[in-house]
Amino acid sequence: MDKIWSEEYKISKWLQVETAILKAWAKQGKVPSSVVEEVEKANVDLKRMKEIEEEVGHDVIAFVKAATENLSKNAKRFFHYGATSYDVVDTALSLLLRESADVIIEEIRSLIELLKQKALEYKFTPMMGRTHGMFAEPITLGFKFALWFCEMERNLKRMEEAKEVISYGKISGAVGIFGNSSPEIEEIALNELGLKPAPVSTQILQRDRHAQYLSALAFIASSLEKFATEIRNLQRSNIEELQEPFGRGQRGSSAMPHKRNPIICERICSLARVIRAYLITGLENIPLWGERDLTNSASERIIFPQATTLTHYILVKFKGVLRGLVVNEGKMRENIEKTLGTWGSESLMLRLIDKGLTRDEAYELVQKLSFKAMEEGKELRGVSLKDETIRNLLSPEEIERCFDLKEHLRWIDYIFRRAGIDEG
């Protein structure tokens, strides 16, 4: 990402676009092939370009002057022929965003594979599910990873779609109507660059394309924040089921030597907020005056390099967290036991409904017994076995089945198959 968004690389892409335009004109017989060959060997001195920009106050004019200073008269004549600034800038930006998308897509695929491995490794490792931060019913750690796996698969599709939407260029002139060029020139040049022509453009590509790209990054960042938040929550001192890696020699607090804080997950959450904020700027860049104005330009010099780089960064960091994740299965079992079996309350209620109680009657009875179990520190199973109403309706074996963890998790295999996660 550092290479892709460097000034030197951006200018090399501008030169690549200019060369493609010249090749198109050469195919039309307008430009001598010798000019194309000369420009293909050219380079731009960035320092010299900046000196010219200080004088002329226009980066593309400075680029054209710097690029042609040492070229022949014929090459100077035809360089930037029939093009406007954003034929070059916007088309080059599409190349940069496409390359950035490739880097991010590769990282997403790697994360998906890692999540699949973790899902299979902990497929049958039971832990408490929580809703509203409170004990609910048991799940497995692998089930949680499978959920994340599916979400990242959706993010992969979003990023691939964003790459497709941004893989367009425009070489259609000052207002997009080919006043001093032709659709054929545009098509030849963009084909050379591996881009498609926008069906209709103005002086620029329309910014809904770029906003969709930023939206994909915001989705990815939000998912990673979600995963990191869950790890942070499960690392809390009163839960201790998961823990992000803590390196040898690492220190958690300047004041408290005992601390092991989830700083990587917290950093991911912090940066996700920045990435999402860039989407707002991208959306605000969609409405421009007429065939274009410059209100999008300055902000885009910030949001695209930073949004892509930060997204790539947090993907890499989250993969590191997953690889070194500490899983405390003992604490998971302990937390299941802390529920005193109340996680089986729904199953018990449904069995009572099966025996003829109304839902309200069954709910009220099981709620009363659950609260009693928690207040007295006793297992709901045992409390239920002693209740006369339940004993008259359910056999001891039927009551026991309500608290059978293996029975409760019987559909895990099916869920994994449906998610496309298998041992293969």
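Since every read-out is calculated from the coordinates, none of them should be taken as a lab result. Just so you know, these numbers come straight off a predicted model, no measurement behind them. Positions of Cβ are backbone-derived with ideal geometry, glycine not excepted, and every protein chain shown enters the neighbour counts.
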Query raised in the report: Bin by bin, in steps of 5 Å, what percent of the Cα pairs in region 313-380 do you find, going until the bin that has the longest distance?
Result: 3, 16, 16, 13, 11, 9, 7, 8, 8, 7, 2, 0
Report summary line: Assertion target for R292, R232, ordered by fewest C-beta neighbours within 10 angstrom first, is R232, R292
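For the chain, what are the DSSP H helices with axial Cα length of 18 Å or more and mean Kyte-Doolittle hydropathy of at least 0.5? List each step's numbers first, then the result.
Numbers: long enough: 7-27 (30 Å, -0.38); 85-121 (54 Å, 0.35); 141-166 (37 Å, -0.18); 208-235 (40 Å, -0.10); 263-284 (33 Å, 1.05); 297-323 (40 Å, 0.31); 359-376 (25 Å, -0.85).
Those that pass (Cα extent of 18 Å or more, hydropathy at least 0.5) are 263-284.
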Query - Charge dipole (region 86-329, unit charges on Cβ, about Cα centre) - positive-most of L93, F145, V326 - result: V326
Report summary line: Square roots of five times the C-alpha gyration tensor eigenvalues of region 272-424, ordered largest first and given in whole Å, equal 54, 21, 16
Query raised in the report: Expressed as a fraction of 2.2 N^0.38 Å, the rule-of-thumb size for a compact globular protein of N residues, what is the C-alpha radius of gyration of the chain?
Result: 1.39
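So what is the calculated 222 nm ellipticity per residue for the chain, using -39500 (n - 2.57) for each DSSP H run with n of 4 or more, over all residues, to the nearest 500 deg cm²/dmol? Don't skip to the end; give the middle numbers.
Values: 19 runs with 276 residues, N = 424.
Result for the chain: -21000 deg cm²/dmol, rounded to the nearest 500.
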Query raised in the report: Cα-based Rg (one decimal) and Dmax (whole number) for region 14-128, in Å?
Result: 22.8, 76
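Rank the residues C269, C402 as a footprinting-exposure proxy: fewest other Cβ atoms within 10 Å of their Cβ go first. Provide the component values of the computation, followed by the final result.
Numbers: C269 19, C402 24.
Taking fewest neighbouring Cβ atoms as first place, the list is C269, C402.
Calculate the all-directions average of the projected area of region 86-329's alpha-carbon convex hull, and give it in nm². Show your work: numbers first, answer last.
Working: hull surface 64.0 nm².
So the Cα hull casts an average projection of 16.0 nm².
What is the magnitude of the charge dipole of the chain about its Cα centre, with +1 placed on the Cβ of each Lys and Arg, -1 on the Cβ of each Asp and Glu, and no other charges, expressed in debye to the nearest 20? Write down the numbers at each step before the final one.
Values: 61 positive and 64 negative charges, 135 e Å.
For the chain, the charge dipole is close to 640 debye.
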Query - Cα-based Rg and Dmax for region 381-424, where Dmax is the largest Cα-Cα distance (Å) - result: 16.3, 51
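For a quick check of your reading of the filter: which GluC sites (Glu not before Pro) in region 215-271 sit in a DSSP loop and have no more than 16 other Cβ atoms within 10 Å?
Within region 215-271, the qualifying GluC sites (Glu not before Pro) (loop, at most 16 other Cβ atoms within 10 Å) are E240.
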Query - region 7-81 pair-distance distribution - Cα-Cα, 5 Å bins, rounded % - result: 3, 18, 29, 24, 16, 7, 3, 0
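Fewest to most neighbouring Cβ within 10 Å: what's the order for F371, F246, F227?
Details: F371 12, F246 17, F227 24.
If I rank by nearby Cβ atoms, fewest first, I get F371, F246, F227.
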Report summary line: Over the Cα atoms of region 109-218 the radius of gyration and the largest Cα-Cα distance (Dmax), both in Å, equal 22.7, 69
Query - Interatomic Cα distance distribution for region 342-402, bins of 10 angstrom, percent - result: 25, 63, 12
